[in-house]
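The values are calculated or read from the model by the stated rules, or taken from the named source; none is laboratory data. Quantities reported herein were computed from a predicted structural model and do not represent experimental measurements. Here Cβ is always computed from backbone atoms with ideal geometry, including for glycine, and neighbour counts include all displayed protein chains. Calculation scope for accessible area: heavy atoms of the full protein, side chains included, ligands and nucleic acids excluded. Shrake-Rupley method; radii C 1.70, N 1.55, O 1.52, S 1.80 Å.
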Amino acid sequence: PPPPPPPPPTSKGLPTGWKAKVDSRTGRTYYVNHRTRRTTWTKPCNEERRASAPFANAAIGLPPGWEARVDERSKRIVYVDHNTKKTTWKRPTSVTNTEPRRQSAPTPSDLHTSLAEESKGHQESTPPIEEEEEKEEKDEEKKEEASKEEEAAKEEGEKEKAEEEKEKEKEEKAEEKEEEKEMDAEAKSAEEKLKEKEEEAKEGEAEKLGAAEEAAKEKEEEAKADAAEKQEEAKEEGKENAEEAKEEEKEAAKEEKQEEKKEEKEEEKKKRKNEE
């Protein structure tokens, strides 16, 4: 008996936007993503599940039509609005929050690497896309192109604005630097003036101290000179007094001898009178 036919493909467990199909020519199951216009023989669920596992809570509580994905390059969560075909880094908080954040968020085609390239190692042909799917893809492509143009225009405006802000910020920083330089120069000048004043004060104090020391030395030398002079005067006076005393003693002795001689003469005269 012929082998039983394989079970029909199921899209259960696939990432959002992916569907499982059967190639009518080969009977093989292939996978198609109508949003990114990608087809692959390899089941894409494992890689994307693994990539989005840490961000499982990101998709909880999103408005209808919104989807949370992981940017392959930055590994950040990006939110896709399938209603307007917009993407944003900012998490939407209500149904009306469909305006994307003005940043360079990736488009849906940037979120997944080309799964068709994964099949290069197998060197097999790309799985087919049915006519209806192809039409849907063309419509999606037109919408995406319009969305990209609008997003590009917004990004261009944002870039110009960002450049103007950067230029303004540079000018402000340059002005701040100039002001800081001027303030530093003024502070340095004030510090130098203060140092000069301190040096002058020190020199003045040193001069005063030196003058006081010189004056003290002069007074001390004058006092010594006065003392020495007084000592000399005292010595001279003592010598003079000693000489005067000697002279007086000599005079006194001389007078005493003269008195004695007078007395002797008078006694001789008395003796002579008595003898007569």
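For (1) outside any helix (DSSP H, G or I); (2) open to solvent by less than 100 Å² (accessible area, probe 1.4 Å); (3) modelled with pLDDT of 90 or more, each residue gets a yes or a no:
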residue: Lys195; (1), (2), (3): no, no, yes
residue: Glu198; (1), (2), (3): no, yes, yes
residue: Gly204; (1), (2), (3): no, yes, no
residue: Glu207; (1), (2), (3): no, no, no
residue: Ala212; (1), (2), (3): no, yes, no
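What number of residues in the range 28-50 are in a loop (DSSP other than H, G, I, E, B) and modelled with pLDDT of 85 or more?
Result for the range 28-50: 1.
Taking the conditions exactly as written (in a helix (DSSP H, G or I), open to solvent by less than 90 Å² (accessible area, probe 1.4 Å) and at pLDDT below 90), does Ala223 satisfy them or not?
So Ala223 does not fit the description; no.
Could you list, in sequence order, all residues of the range 15-30 that are in contact with a Pro (Cβ under 7 Å, 6 or more places away or on another chain) and open to solvent by less than 30 Å² (accessible area, probe 1.4 Å)?
Residues satisfying the conditions are Pro15, Trp18, Ala20, Asp23, Tyr30.
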